[in-house]
Amino acid sequence: MKKIKIAQIGTGHDHAIAAIQTLKLQSDIYDLVGYAVVSGDEDMYEAKKSLYDGLKKMTVDEILNYPGLDAVAVETEDRRLTEYAIKAAEKGLHIHMDKPGSESDEDFDRLIDLVKQKSLVFHTGYMYRYNPAVLKLKGDIKAGKLGEIYAVEAQMNCIHPVSKRQWLGNYPGGMLYFLGCHLIDLVYGILGSPEEVIPLSTSIGTDGVAADDFGMAVFKYKNGVSFVKSTAVEIGGFERRQLVVCGTKGTVELKPLEWPGDELPGVIAPLMTGVAEAFDNKINETSGWSVKGEHYLSPAYGRYDAMFRAFAAYVNGEKENPYTYEYEKELHKLILKACGTAL
């Protein structure tokens, strides 16, 4: 099958370097024709400029009008993602767009309606979608192994410098918008739409930072309560990134959600996941407090390797994207609601 001609628009997203490096490594799948730096991305580009060596620097117009181009990866700073994805959709190009999309629900709806109208692949950079442990967990849920799910708890914490914490003030919900969107994708993908969303993001108030560097939201469902938490101020937080799913027949905890793994050929930054599974279909008064689970580490995998191989399979028609246009639209609405944006 012929290679997919692709270009990258933007260098200002935190995943921009990983995307361009992965597209270069997957030269058996992609013909990477070049990249464009857009307004607002200059500082990020200058800091990582050497990683673009050997690639053609282009204008956005040159990319959008490149003969035979099949797709683009949109990797601008978060707030401009939807703007440039719309430009690509208008040209009939398949789109990988990083998360979470526009701060405007109307603009994001316009984008989704456009790609749907043109039958284009729309693929977003929610990285946990391709985590093997998450995929196994979702399979077990679908098979009924955990019983009825009544709670999903997800955390994605780290510690950022003051400058990054101040930058979070550019977005509604701050850290919840920036990284918590990954977790909301997990909750929504497992439980669907909640009956009520309670935004709880705030600033911890140190170092003169007023932005919401402590992101949190609670989701009420008919049979339980779930929550997501994403902070930029938690020492050792990366190690405690986790997903816990509780059901009437079992509980599964993934922690750490991602941790450096063994090297893999042709893969940048391989990762692994810690897994704890506890199942007991015959819980009684004597066993309920001491159900013994199984603990293990997932094999190493490439977050971006899997992501862009999946995108290629969707573009080539080898697989159908399980994340539908409607799913992406409703997820975006839920993220904005969790960030305190009235809809």
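The values are calculated or read from the model by the stated rules, or taken from the named source; none is laboratory data. Everything numeric in this text was worked out from a predicted model, so none of it was measured. No Cβ is skipped: glycine too gets one built from the backbone with ideal geometry, and neighbour counts run over all protein chains shown.
Values computed for the structure shown
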| read-out | value |
| --- | --- |
| Test for residue 17: is it closer than 15 Å to residue 95 by Cα, of a type in the set (Val, Ile, Thr), touching an Asp or Glu at 6+ places or on another chain (Cβ under 9 Å) and not assigned by TED's automatic domain parsing to the domain that holds residue 266 | no |
| Qualifying residues in the stretch 143-170 (those that are more than 22 Å from residue 12 (Cα to Cα) and small (Gly, Ala, Ser)) - the one surrounded by the fewest Cβ atoms within 10 Å (Cβ to Cβ) | 143 |
| Single match in 177, 171 (criterion: of a type in the set (Ser, Thr, Tyr) and within 14 Å of the chain's Cα centre (by Cα)) | 177 |
| Of all residues in the stretch 305-324 being part of a helix (DSSP H, G or I) and more than 16 Å from the chain's Cα centre (by Cα), the one that is surrounded by the most Cβ atoms within 10 Å (Cβ to Cβ) | 312 |
| Residue in the stretch 5-18 that is more than 20 Å from the chain's Cα centre (by Cα) and buried (at least 20 other Cβ atoms within 10 Å of the Cβ) present | yes |
| Condition check for residue 278: at pLDDT below 95, farther than 24 Å from residue 179 by Cβ and among the aliphatic types (A, V, I, L, M) | yes |
| Positions within the stretch 217-241 being closer than 19 Å to residue 131 by Cβ and touching a strand residue (DSSP E or B) at 6+ places or on another chain (Cβ under 7 Å), in sequence order | 226, 228, 229, 230, 237, 240, 241 |
| Given (1) closer than 25 Å to residue 309 by Cβ; (2) buried (at least 22 other Cβ atoms within 10 Å of the Cβ), index of the condition residue 140 fails | (2) |
| Failed condition for residue 193, given (1) touching a residue at least 12 places away in the same chain (Cβ under 8 Å); (2) under 20 Å from the mean Cα position of the chain (by Cα); (3) outside any loop (DSSP other than H, G, I, E, B) | (3) |
| The stretch 292-304: number of residues that are under 19 Å from the mean Cα position of the chain (by Cα) and among the hydroxyl-bearing types (Ser, Thr, Tyr) | 2 |
